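K.L.:
Take this structure, written in structure tokens, and hold onto it; I'll ask about it next.
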Amino acid sequence: CPRPCICDNLRAHVLCLKGNLTAVPSTIPQLTKKLDLRRNSFTVIPVGAFLATPYLTHLDLQRCKVERLEEGAFRGLGRLVYLNLASNSIALLYQESLDGLSSLQQLILEGNRIEEIQPGAFGHLGSLTVLDLRANALVYLPDMVFQGLQVLRWLRLSHNALHVLGSEAFAALPALRRLSLDHNELQALPSEALARLDGATRLDLGYNPITYVAEEALAMASLKHLFLDHAALQDVAPDAFTHSPQLRTLDLRENQLQGLPPLAGAGGLARVSLTGNPLLCSCLLRPFHDWLARARVQAEGSCTAPPALRGRPLDSLRPPEMRCGHPPLPPSPTVPLEQPREAGSGQCPRGCTCSPDFRHGSCENRDLREIPRGFPRDTHLLDLHRNAFGTVQPGAFPGLKELVSLHLQSCSIEALHPGALRGLENLVYLYLTDNHISTLAAAAFEGAPRLAYLDLDHNAFTRLPTGAFQLLPSLISLHLQHNAIGELVEGDLAGARALRWLYLAGNAIKRIAPTALAPAKMLEKLHLEGNRLVEVPTSALRGLPALSELKLSRNPIKHVGDGAFLPVASSLQHLYLDNMGLEQISPGAFIGLGPKIRSLYLESNKMSNIPNMSNFTGLEILNLRDVPFHCDCQLLPLRRWIDKLNLRVGATCGSPAEARGLKVKLSIIFQTCPGWGPGKAGGASPDKTKAASKPSKKKRSGKSPARGFKKSRA
């Protein structure tokens, strides 16, 4: 059994948890069936990484800092039925990334950074029944993206930023029964895409900014449960659900509806929930109220107006009470007519390949000096990476107004000229990684107003390209990692008002001006690891009310002062302060932070104590490995707190000599401290400890803050 793993030969189960492994051990027993590699540091899963363990049925790679799956990474795992890759940093799924997993039934990719899925990525997963893509960075789903998933029953796409769905995005899912699209950015019902799902019985569309459900908007023959709660609905057409005859429950909670018309054609409807809507119970609502009675539909909700009926449940109203004399309902919002799509035309450029089924063109790695022209006009994805273009001239992509994703990585590009993207009005993704770009003109992105993902990692920027984001009102994700940026100054992010994720790791940033981040008021993730900051940029965090993740790892910050994170205390959930050589954390450093914090990384630092964190009751991850704690009586509060946590924390003593290397949780040195008692947590008087050892049944049944995590030794 390889170190530091634990092998259970009887059950063919191997655990290598949180061992800081950087590669999959080659000496894992060949007959292993379940392999748990959570919380290691693999970064890349190379080709054939598991060829030595062909009998695996379950593989867990959660929180392993995986950034890339090489094509063929899982070849040889024909028996695998469960693969968990949650909470990593995977950004792109290639066509062969998941090759070889013919028996896979569950694939968990939740909580990565997946921005794009190339058509064909799931083509080899013919046995998959559950695909979990929650909490990624998807904006667009191309046609046939799920081709090959013939038996998939549940597709989970919640908590992304989807606002563009290809009309054939779900065309290859004949067995799908449940589709989760809640918590996205859909502004209208994706009627064409959903019409392909003849067998789906449940559809979750809540928490999208949908304002109107149009006539015959939903044609899903088997749909029984529709969730449109917490959206922005102002009106629903009378025949919106005519072509969904099996619909039983309709959830419209927490919208802006003042009423509904009778819902023609929804003969099977049993329940409509309108709770949390500003219902106007005037005579204008009588037709709907009468229809509820005739159709025997249960309705939940209560009147907001008129004042005499405020708070009255809908099912308690009598028609004579619903009188007129109140302002009419506002007119239905105008719904733009969809323009007919122009058929693709044109030949594929010589030396390139074009796939009309996927609307995908490719000229990768052809040593081209000029960008080829003549791709079909309906091309959605164009892959030109690993060429030698040098520059991108104005109007370089004529006729490609439907292009959504453009790949120009590793093309020796030094300049993106103004107007280079002119005409790319539907472009969402632009990849310019690994080039030689050092500056961008303000007009560089002219003509691409829908651009949401811009990847400029591994270029030659020494500062942010000021003014370049003014023409990008839809920019959500900006990658500028591994450049040579020295500081962030006022105006750097001017115009980036929709920005949510900013990645600046691996630069040389020493200073962030107090107003540098101010334009990005919607910022949720800020990655600054591997820079040259010597203090927490507290003043620059002001005005970021949505910031939930802050990475400061690998900066030479020696001291964290009082109130360092106070400006983002109400929103921060994930804080990375590891590998900094941190020597001291002030007692008030974490003031304001509390139950919202879910993960805190403090490993590989030099401090000997940490502040009181007893109010961090929502913690799911706490990493204190490789911190030289001085295990004396002053550390007793931390020791007691660790006792109560249901987490692996990895805290060990660095001093005194007799305790060095011992786990803080197991060290007996605390037993000599005043107030230490025989109880597990110590510090209580004998009487109180005895009482605490026999909690009431009521207390036993209560939830702990970290319930659901297996208890293990620190």
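K.L.:
Consider the stretch 349-363. How many of its residues are out of contact with any Gly (no Cβ under 7 Å at 6 or more places or on another chain), assigned to a loop (DSSP other than H, G, I, E, B) and at pLDDT 80 or above?
P.N.:
Adding up the residues that qualify gives 2.
K.L.:
Would you confirm whether any residue within the stretch 241-262 is buried (at least 19 other Cβ atoms within 10 Å of the Cβ), over 21 Å from A295 (Cα atoms), of a type in the set (G, A, S) and modelled with pLDDT of 90 or more?
P.N.:
no
K.L.:
Still on this structure, I have one more. I'd like to know if the stretch 531-546 contains one or more residues that are within 23 Å of Y429 (Cα to Cα) and among the aliphatic types (A, V, I, L, M).
P.N.:
Taking every residue of the stretch 531-546 in turn, none turns out to be within 23 Å of Y429 (Cα to Cα) and among the aliphatic types (A, V, I, L, M).
K.L.:
Of all residues in the stretch 629-654, count the ones that are under 17 Å from N20 (Cβ atoms), open to solvent by 20 Å² or more (accessible area, probe 1.4 Å) and touching a strand residue (DSSP E or B) at 6+ places or on another chain (Cβ under 6 Å).
P.N.:
1
K.L.:
Could you list, in sequence order, all residues of the stretch 116-131 that are farther than 14 Å from L176 by Cβ and either of a type outside the set (A, V, I, L, M) or surrounded by fewer than 22 Cβ atoms within 10 Å (Cβ to Cβ) (or both)?
P.N.:
E116, Q118, P119, G120, G123, H124, G126, S127
K.L.:
Find the residue count for the stretch 145-184, including only residues that are open to solvent by 10 Å² or more (accessible area, probe 1.4 Å), more than 15 Å from Y207 (Cα to Cα) and part of a strand (DSSP E or B).
P.N.:
4
K.L.:
Determine if the stretch 81-97 includes at least one residue that is open to solvent by less than 30 Å² (accessible area, probe 1.4 Å) and over 22 Å from the mean Cα position of the chain (by Cα).
P.N.:
The answer is no, given that none of the residues of the stretch 81-97 is open to solvent by less than 30 Å² (accessible area, probe 1.4 Å) and over 22 Å from the mean Cα position of the chain (by Cα).
K.L.:
Looking only at residues that are at pLDDT below 90 and under 23 Å from the mean Cα position of the chain (by Cα) in the stretch 451-497, which one is surrounded by the fewest Cβ atoms within 10 Å (Cβ to Cβ)?
P.N.:
S474
K.L.:
Here's a follow-up. Of everything in the stretch 8-21 that's out of contact with any Pro (no Cβ under 9 Å at 6 or more places or on another chain) and modelled with pLDDT of 90 or more, which residue is nearest to R625 (Cα to Cα)?
P.N.:
My answer is L15.
K.L.:
Right, something else. Determine, yes or no, whether L517 is at pLDDT 95 or above, part of a loop (DSSP other than H, G, I, E, B) and in contact with a helix residue (DSSP H, G or I) (Cβ under 6 Å, 6 or more places away or on another chain).
P.N.:
Yes, satisfied.
K.L.:
OK, next. So which of K596, K606 is touching a residue at least 24 places away in the same chain (Cβ under 8 Å), in contact with a strand residue (DSSP E or B) (Cβ under 9 Å, 6 or more places away or on another chain), open to solvent by 30 Å² or more (accessible area, probe 1.4 Å) and among the basic types (K, R)?
P.N.:
One residue alone meets the criteria, K606.
K.L.:
Also: Can you tell me which residue among S103, S127, S97, S89 is among the polar types (S, T, N, Q), at pLDDT below 95 and within 26 Å of P174 (Cα to Cα)?
P.N.:
Going through S103, S127, S97, S89 in turn, just one is among the polar types (S, T, N, Q), at pLDDT below 95 and within 26 Å of P174 (Cα to Cα): S97.
K.L.:
Okay, next question. Failed condition for V213, given (1) crowded, with 19+ Cβ neighbours inside 10 Å; (2) touching a Ser or Thr at 6+ places or on another chain (Cβ under 8 Å), with all others met?
P.N.:
(2)
K.L.:
Oh, and also: Could you look through the stretch 547-566, keep only residues that are hydrophobic (A, V, I, L, M, F, W, C) and either in a loop (DSSP other than H, G, I, E, B) or open to solvent by 20 Å² or more (accessible area, probe 1.4 Å) (or both), and pick out the one that is nearest to G588 (Cα to Cα)?
P.N.:
A564
The values are calculated or read from the model by the stated rules, or taken from the named source; none is laboratory data. This structure is a prediction, so every number in the text was calculated from the model and none was measured. Reconstructed Cβ throughout: ideal geometry from the backbone, glycine too, with neighbour counts over all protein chains shown. To get the accessible areas, we keep the full protein, side chains included, count just its heavy atoms, and leave off ligands, DNA and RNA. Shrake-Rupley method; radii C 1.70, N 1.55, O 1.52, S 1.80 Å.
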